[in-house]
Amino acid sequence: MSGKRLNLKLLGVFLSLVSLSMFLVANKEQSMVSIKLFLEWKHLSISLWFFYICCFSVHYLSIKDDQSYDSGLIYKHFGKFADSGFAVGTYGLASTTSAAILKGVYSQQFFQEEIYFTNFDQIDIYSMLVVCLFLLGYSVYAAMSALINAMVISQSEVAIPVTD
């Protein structure tokens, strides 16, 4: 193993996922009820919106004076503020809609309380579950990435072009 190092972050993620999996298996019923309560929480949508507003506001404040920032399709056409505003709107809508669909799918498939999706095959319903989990997860991930990138102070300097 000479020259190789152990990636402690990934080891931590792995151990956390194994621990979480064991906890969920050992407490299956309580875990299912907790997920249901979270999805039915009356403040979930507004909390998600505030989360995105906070994350992308901090992100905007971190890039507004950065002359080297050139990320994002929206930025290239409309500027940094519009890029951050569009991110809030896009991720807010994607996550709140996903959470609402997840609530219906989860309740219908795992608790058989109410039929939210009639005329859908099982494959369609589970496809909605997978797609909505991805959208919700990706939206939270993108906002957290923007927030972390805003808070991490880079040690690099802006490149200055050489002129003849």
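None of the figures in this text is laboratory data; all of them are computed from the coordinates on show. Values in this document were obtained by computation on a predicted structure and should not be read as measured data. Cβ coordinates were reconstructed from backbone atoms using ideal geometry, including for glycine residues, and neighbour counts include every protein chain displayed.
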Grab the beta carbon distance between M151 and V13, set R0 = 25 Å, and tell me the FRET efficiency rounded to 0.05. 0.80
Along region 30-45, what does the Karplus equation 6.51 cos²θ - 1.76 cosθ + 1.60 (θ = phi - 60°) give for ³J(HN,Hα), rounded to whole Hz, x for Gly and Pro? 5, 5, 5, 5, 5, 4, 4, 4, 4, 5, 8, 4, 5, 9, 4, 4
Karplus-derived 3J(HN,Hα) from phi for region 106-116 (6.51 cos²θ - 1.76 cosθ + 1.60, θ = phi - 60°), whole Hz, x at Gly and Pro, runs 4, 4, 5, 7, 9, 10, 6, 7, 8, 8, 8
Sort 112-121, 132-141 for me by packing, meaning the mean count of neighbouring Cβ atoms within 10 Å per residue, highest on top. 132-141, 112-121
In nm, the gap between the two label points placed 7 Å beyond Cα toward Cβ at I115 and F38 is 2.9
